[in-house]
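Reviewing the structure listed below.
The values are calculated or read from the model by the stated rules, or taken from the named source; none is laboratory data. Just so you know, these numbers come straight off a predicted model, no measurement behind them. Cβ atoms come from the backbone with ideal geometry, glycine included; neighbour counts cover every protein chain shown.
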Amino acid sequence: MNKLLLHLEGAAVFALSLYAYFYFSFGWIMLILLLLAPDLAMLGYLINNKIGSVIYNLFHTYVLSLGGVVIGFLFHDLLLAISLIWTAHIGMDRMVGYGLKYSSGFKDTHFDRV
């Protein structure tokens, strides 16, 4: 049941982020170019599992992306657009079962082993 709730939560965040992105009339091109950009954080695993998991998790936690949404909403449209895409990416990952990583290996997530 918990796993299902995490998937549904991810789907809700993904949908809400996309809704907000288009509500503010941001364009398709930036969305297409940046939607998978946070996954570049997996390159940290080339150093080692511990550093890789820390870097990956920093780019896949709602705290930073939603902080960017708030600051962007208050001060700058470009930051708002990028942060909404970032939040949508995290929601999309959670929706399909990719979660935060443990330092034991890339495939060990808070959902389960991928």
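May I ask you to list the residues in region 26-37 that are in contact (Cβ under 8 Å) with a residue 24 or more places away in the chain and more than 20 Å from HIS60 (Cα to Cα)?
If we filter region 26-37 for residues that are in contact (Cβ under 8 Å) with a residue 24 or more places away in the chain, which is where we start, we get 26, 30-31, 34-37.
Result: PHE26, single match.
Report whether or not TYR62 is of a type outside the set (A, V, I, L, M, F, W, C) and within 16 Å of HIS110 (Cβ to Cβ). Show your work before the answer.
Working: of a type outside the set (A, V, I, L, M, F, W, C): yes; within 16 Å of HIS110 (Cβ to Cβ): yes.
Here the answer is yes, as TYR62 does meet what is asked.
Is region 90-100 home to any residue that is among the hydroxyl-bearing types (Ser, Thr, Tyr) and either assigned to a strand (DSSP E or B) or at pLDDT below 95 (or both)? Give the steps one after another, and end with the answer.
First pass over region 90-100, keeping only residues among the hydroxyl-bearing types (Ser, Thr, Tyr): 98.
With either assigned to a strand (DSSP E or B) or at pLDDT below 95 (or both) added as a condition, the list becomes 98.
Scanning region 90-100, I find at least one residue that is among the hydroxyl-bearing types (Ser, Thr, Tyr) and either assigned to a strand (DSSP E or B) or at pLDDT below 95 (or both), so the answer is yes.
Is one or more of the residues making up region 52-67 out of contact with any strand residue (DSSP E or B) (no Cβ under 7 Å at 6 or more places or on another chain), under 25 Å from LEU4 (Cβ atoms) and outside any helix (DSSP H, G or I)?
The answer is yes, given that some residue of region 52-67 is out of contact with any strand residue (DSSP E or B) (no Cβ under 7 Å at 6 or more places or on another chain), under 25 Å from LEU4 (Cβ atoms) and outside any helix (DSSP H, G or I).
Does region 102-111 include one or more residues that are over 18 Å from HIS7 (Cα atoms) and of a type outside the set (Gly, Ala, Ser)?
In the first step, residues of region 102-111 are kept if they are over 18 Å from HIS7 (Cα atoms); the result is 102-106.
Filter once more, so that each one left must be of a type outside the set (Gly, Ala, Ser): 102, 106.
Yes: one or more hits.
Restricting to region 35-49, what's the tally of residues that are under 18 Å from the mean Cα position of the chain (by Cα) and surrounded by 16 or more Cβ atoms within 10 Å (Cβ to Cβ)?
Count: 5.
What are the residue pairs meeting all of these: first residue in region 1-25, first residue surrounded by fewer than 16 Cβ atoms within 10 Å (Cβ to Cβ) and modelled with pLDDT under 95, second residue acidic (Asp, Glu) and not in a helix (DSSP H, G or I), Cβ atoms under 9 Å, and 6 or more apart or on different chains?
Correct list of pairs: LYS3/ASP112.
Scan region 59-103 residue by residue and report those that are on the phi < 0 side of the Ramachandran plot and of a type in the set (Gly, Ala, Ser).
Start the filter on region 59-103 by keeping residues that are on the phi < 0 side of the Ramachandran plot, which leaves 59-96, 98-103.
SER65, GLY67, GLY68, GLY72, ALA81, SER83, ALA88, GLY91, GLY99, SER103, listed by residue number.
Please go through region 73-91 and pick out each residue that is under 17 Å from VAL13 (Cα atoms) and of a type outside the set (Phe, Trp, Tyr).
LEU80, ALA81, ILE82, SER83, LEU84, ILE85, THR87, ALA88, HIS89, ILE90, GLY91
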